[in-house]
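Student: My structure is below; once you've seen it, I'll send some questions.
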Amino acid sequence: MSHFSTKSIHGGDHVKPTNDVISPIHITTTYSYSSNPDELIPGGLTDPTTLVYSRENHPNAAQVEAIVEAITGYPTVVYNSGLSAFNGLITHVNPKAVAIGQAYHGCHGIVDVWKRNFGTKEIDIDDGDYSLVKAGDLVHLETPVNPYGTYFDITKYATKAHEKGALLSVDATFAPPPLLNPFDFGADIVMHSATKFFGGHSDLLAGLLLVKDQATKEKLLLDRLVLGTNIANLESALLVRSLRTFELRVARQAKTVATIVQFLNENKAKFPQLDKIYHGSLQTDDFIAKQYPNGHTPVFSIELDTDAHAKSFPSKLKLFHHATSLGGAESLIEWRAMSDDHISKKLLRLSIGLEDPRDLLFDLVNGLTEGGNDANALVEEIKKLSV
Ligand SMILES: Cc1ncc(COP(=O)(O)O)c(C=O)c1O
């Protein structure tokens, strides 16, 4: 067994406690101690491999971790949300200074809590005063970055962090495996909101931290136990279900987004309201081909000419739900001002799902042309696309 999709289906088989092909959802919160008094060791609760209490560990969560470890090759800890994973990360590193730039607003929210409670210093990841960053501090990079779907060069930030003896964490939520492996470019810890592409069905919340060694994983597990942030039983069973189609889904979403972004970009002049398209596939930097050998993030953003046009655009679409989040089977669009008030009110974020790319393009072209003169010719071009 050596390839991605095989591992995503069978990588957790060895930790299944039953011979069900699909593991049952283990709803128990507590497990019986040994009936042999000689095996009862006071304080035995801190061994994360023993089944004692589900806040500590349970078979469905162990299966998720085993599968992600098989796919990626890195020790993995699963959490009950992406933000719990970031909380686990910052708690483990315990930085006195954090360098962070454009990133998910919730991660900034956690950094703000650290600033308030512990006097942690925050500096800008690009222009900040790196003399404040010392050994043991944290440089946190989000790439591809929310909401744009554009890329930063991980190697550049790894150098910046390591020169100071700091750690580089990468939130790679927008580019799950097999699109990006941040460890190859110098990351020390990789984070994902597994709510997005790992989950892939918009029906579970989960987070992941991937680390380089087993000792770090064990420390994270002990913190997770006392922070109470382990994934729940039902969610982890759903996540195992999701992982069975992981490679297929991500490959298809990456192919579809490339078709859509390319089409919009090539025909941009025919969409008078469309000002800008942001996506990694449109960047020309040298590092891109190396860091994204298997395709591009299925998330991109567009900017329209006015706030009012952007606000009303989602209501013109039939297939894209107007909703936050990303990574699911269904395509979503969000007038991003709804959930992030630091972002331009002209900006719309799109998450490409598993629908036929031609149908998604019809929908977008109809919305952008509102049935104008160019619409029919564009529809004919869409019909000719090979998908
Ligand atoms: C890049 C990124 N990181 C982290 C998170 C937080 O993840 P969760 O919602 O699973 O807590 C999100 C959620 O949208 C995200 O987009």
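The values are calculated or read from the model by the stated rules, or taken from the named source; none is laboratory data. Please read these numbers as outputs of a predicted model, since none were measured by experiment. Cβ coordinates were reconstructed from backbone atoms using ideal geometry, including for glycine residues, and neighbour counts include every protein chain displayed.
Student: Given the criteria more than 15 Å from the ligand (Cβ to nearest atom), of a type in the set (G, A, S) and closer than 30 Å to D341 by Cβ, does G128 qualify?
Tutor: On the way: more than 15 Å from the ligand (Cβ to nearest atom): yes; of a type in the set (G, A, S): yes; closer than 30 Å to D341 by Cβ: yes.
Here the answer is yes, as G128 does meet what is asked.
Student: Being in a loop (DSSP other than H, G, I, E, B) and more than 10 Å from the ligand (Cβ to nearest atom) is the filter here, so list the residues in segment 203-220 that pass it.
Tutor: Going through segment 203-220, the residues in a loop (DSSP other than H, G, I, E, B) turn out to be 203-206, 211-213.
Once the filter is applied, which keeps residues that are in a loop (DSSP other than H, G, I, E, B) and more than 10 Å from the ligand (Cβ to nearest atom), segment 203-220 yields D203, V211, K212, D213.
Student: Right, here's the next one. Looking at D223, D137, D188, which one is closer than 17 Å to V93 by Cβ, surrounded by 23 or more Cβ atoms within 10 Å (Cβ to Cβ) and away from the ligand (no atom under 15 Å from the Cβ)?
Tutor: D137
Student: If you don't mind, there's one more thing I want to ask. Cβ-Cβ under 6 Å, sequence separation 6+ or interchain: first residue in segment 95-119 and of a type in the set (S, T, N, Q), partner within 13 Å of the ligand (Cβ to nearest atom) and outside any helix (DSSP H, G or I). Which pairs?
Tutor: Here the result reads Q102/V145, each pair linking segment 95-119 to a residue that is within 13 Å of the ligand (Cβ to nearest atom) and outside any helix (DSSP H, G or I).
Student: So which of G228, G199 is modelled with pLDDT of 95 or more, within 11 Å of the chain's Cα centre (by Cα) and over 30 Å from D286 (Cβ atoms)?
Tutor: When all the criteria are applied, what remains is G199.
Student: Out of N265, N233, I need the residue that is surrounded by fewer than 21 Cβ atoms within 10 Å (Cβ to Cβ), under 20 Å from I333 (Cβ atoms) and in contact with a His (Cβ under 9 Å, 6 or more places away or on another chain). Which one?
Tutor: Numbers: N233 fails: under 20 Å from I333 (Cβ atoms).
Among N265, N233, only N265 is surrounded by fewer than 21 Cβ atoms within 10 Å (Cβ to Cβ), under 20 Å from I333 (Cβ atoms) and in contact with a His (Cβ under 9 Å, 6 or more places away or on another chain).
Student: Next question. Only one of V145, V170 is within 15 Å of the ligand (Cβ to nearest atom), more than 21 Å from V68 (Cβ to Cβ) and aliphatic (A, V, I, L, M). Can you tell me which?
Tutor: After applying the criteria, what remains is V145.
Student: Restricting the search to segment 141-169, which residues are of a type outside the set (A, V, I, L, M, F, W, C) and touching a Ser or Thr at 6+ places or on another chain (Cβ under 7 Å)?
Tutor: If the condition is that a residue be of a type outside the set (A, V, I, L, M, F, W, C) and touching a Ser or Thr at 6+ places or on another chain (Cβ under 7 Å), then P144, P147, Y148, G149, Y151 are the ones that fit.
Student: So if I check each of L180, L132, L204, which one is touching a helix residue (DSSP H, G or I) at 6+ places or on another chain (Cβ under 7 Å) and over 26 Å from Y278 (Cβ atoms)?
Tutor: So the residue among L180, L132, L204 that is touching a helix residue (DSSP H, G or I) at 6+ places or on another chain (Cβ under 7 Å) and over 26 Å from Y278 (Cβ atoms) is L204.
Student: Now for a separate question. Going through H92, H105 one at a time, which residue ends up being under 17 Å from the mean Cα position of the chain (by Cα) and closer than 29 Å to H162 by Cβ?
Tutor: Going through H92, H105 in turn, the sole match is H105.
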